[in-house]
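Please treat every number below as a calculation from the coordinates, not as lab data. Please read all numbers here as calculations on a predicted model, not as lab measurements. In this analysis, Cβ positions are derived from the backbone assuming ideal geometry, glycine residues included, and neighbour counts consider all displayed protein chains.
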Amino acid sequence: MVKTGINRKTALRLGLFLGAIAVAACGIAACGSYNEPWCSVTSVTGSTQCLYRSQEQCMASVSGMGGYCVTNPRMGGRRSDARSSSQ
């Protein structure tokens, strides 16, 4: 019998290594984009997304679906009076 490919131990190590790289990349770039100063909270689902650099951007996002904007709690934020008119 001819042995081909990688063994199970090597595959596990490779998987752990690639997983660590993915977590590190998320911490450095991709997930950092969810840590902006303004967050939208939708009325329908109640989900919070901190994607906005300004209150105006946030309000434009919630204007069609209802919701409100808050400053990012991770940045010591507080609730704003900014609410969309479609509530």
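Some observations on this one:
- Residues located in region 33-65, provided they are among the acidic types (D, E) and either farther than 18 Å from M75 by Cβ or surrounded by 14 or more Cβ atoms within 10 Å (Cβ to Cβ) (or both): E36
- Residues of region 39-54 classified as touching a helix residue (DSSP H, G or I) at 6+ places or on another chain (Cβ under 7 Å) and of a type in the set (V, I, T), total: 1
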